[in-house]
Structure formats: C-alpha cells, structure tokens
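Any read-out appearing in this document is the output of simple, stated calculations on the displayed coordinates, not a laboratory observation. It should be emphasised that the depicted structure is a prediction, and the values quoted were computed from it without experimental measurement. Here Cβ is always computed from backbone atoms with ideal geometry, including for glycine, and neighbour counts include all displayed protein chains.
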Amino acid sequence: AQKVTQAQTEISVVEKEDVTLDCVYETRDTTYYLFWYKQPPSGELVFLIRRNSFDEQNEISGRYSWNFQKSTSSFNFTITASQVVDSAVYFCALLGRSSNTGKLIFGQGTTLQVKP
Amino acid sequence: DVKVTQSSRYLVKRTGEKVFLECVQDMDHENMFWYRQDPGLGLRLIYFSYDVKMKEKGDIPEGYSVSREKKERFSLILESASTNQTSMYLCASSSGGGNTIYFGEGSWLTVV
C-alpha cells in the first residue's frame, strides 16, 4: 500500500521565521516520484517540486528548499524567512511507478499561517 | 506556460440537475484526471483518462461519468446532482509516467 503522512495539521509562524513542513511516505515501489503542491485560499493547486526516487540531492529554489531522505522515507519542505504570501495549505504527494492510473497519493495537507 | 483551465469557478445547481464541469489543457497531455476535495477527506480521484475516449474509474466514481472526445478536453458529468456532491472539483493533466501532474484552478460546486 502507498501512503503519505503529513503529521502537522496546522502551523502558525511569524513573518521571517523559518518553517519546515514534514512529509513521510510509504511505498513498495523502487521507482517513485514525490511532489509538493501549494494551495492558496483561491483554491488552485500550484506545483512546487517533483523529485524521483533515484535523486536524493537536496534542492533549493529561492526561499524554498527540500530535503529528501530515502533512509527515513521523508521529503521535508523548508521555507526560509517566511512571508505572509506563503500562507496556504501545502500538500505532499506520491506517485508510484506501479500505478497504472497515474494517481497521486496525497497527504492530508499542512495549513501554514504566516502572521505579519 | 502550463495551463489547465476549468470553465466554471463557482456553480450553484439544484438537486436532480445534470451538471457538466469542463476542463481543457493546452500541453498535449495524454492523461487527465478529475479529483474531488473535501474537508477532512483530502483529495480523492473520481475518474482518470489516459487517451481519447478511454477512461478508468478512480476511488469514488459513483454518481459521476466522464467524457473525453478530444485530447485536450475532459468533462465531468453529474447525471443527477445531489447535495452530497457539493464540493471542490479539481481537474489535472500529465504526460504520463512519473511526470508532473498539473492542476486547474478548481470548480466550487454547490448543490441545493
């Protein structure tokens, strides 16, 4: 079975704080893909990053960074110097290579509130 | 730029009405999806299409049907809308394999 767990339901920080969103996944596939999406109040799911299971390099994009560790089945997301515009629901998702539907397995999401 | 467009952002329909939710993508993607998002239940796959006129049931297909007559367009149909279908509906597309799945802006449907 495939599963994604985002244990943090809600996080509240003050602007300029760093914040890490946790994501733990389960899969028996040796090839799989991990994603992060941002969902602002307007509702659309905005793609942030895709990572395949063979690439454990951490990635940085501006204030965003991702830490992928296969040993702990985690794919955590850090926002440095958070801003009010970062307030949103963030979803971690898994796509297993064995999936013949291309169906993403989503975590339950973490609601991030950044206060001014 | 990647674009998945859902025709209606907000709809209010009456119980028993037939409802069409339209989705168009401009990336020549083979795969298209319809998800439903509800508080506490997360995102659930309704239907999936991997080619024109091809469809596969997702986790919650009951009460829904789909149509894919052209590659770029994937329609979700509620044959007889019910109040428990009040939800946010998200369309998505991808080129398959492990490639990125892109989502539309979402359609908020209220059935009264």
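Things worth noting here:
- Subset of B:Lys3/B:Lys55; A:Lys115/B:Lys13; A:Lys103/B:Lys18 violating a 31 Å alpha-carbon distance limit: A:Lys115/B:Lys13
- Among A:Thr72, A:Thr111, the ranking by other beta carbons within 10 Å of each residue's beta carbon, starting with the fewest, stands as A:Thr72, A:Thr111.
- Distant-in-sequence amide contacts of A:Glu17, defined by a placed amide H-H separation under 5 Å and a gap of 5 or more residues or a different chain, comprise A:Ser82.
- 3J(HN,Hα) along the stretch B:2-8: 5, 9, 10, 10, 9, 5, 10 Hz, from the Karplus curve 6.51 cos²θ - 1.76 cosθ + 1.60 with θ = phi - 60°, whole Hz, x for Gly and Pro.
- For the segment B:101-108, counting C-beta atoms of other chains within 10 Å of every residue's C-beta and taking the mean gives 5.
- Based on C-alpha pairs under 8 angstrom that are at least 6 apart in sequence, chain A has a relative contact order of 38 percent.
- Two-site label geometry, B:Ser95 and B:Arg44: point separation in nm, points 7 Å out along Cα→Cβ: 3.3 nm
- Extended-chain gain in nm, criterion 0.36 nm per residue less alpha-carbon gap, B:Val2 and B:Lys57: 17.2 nm
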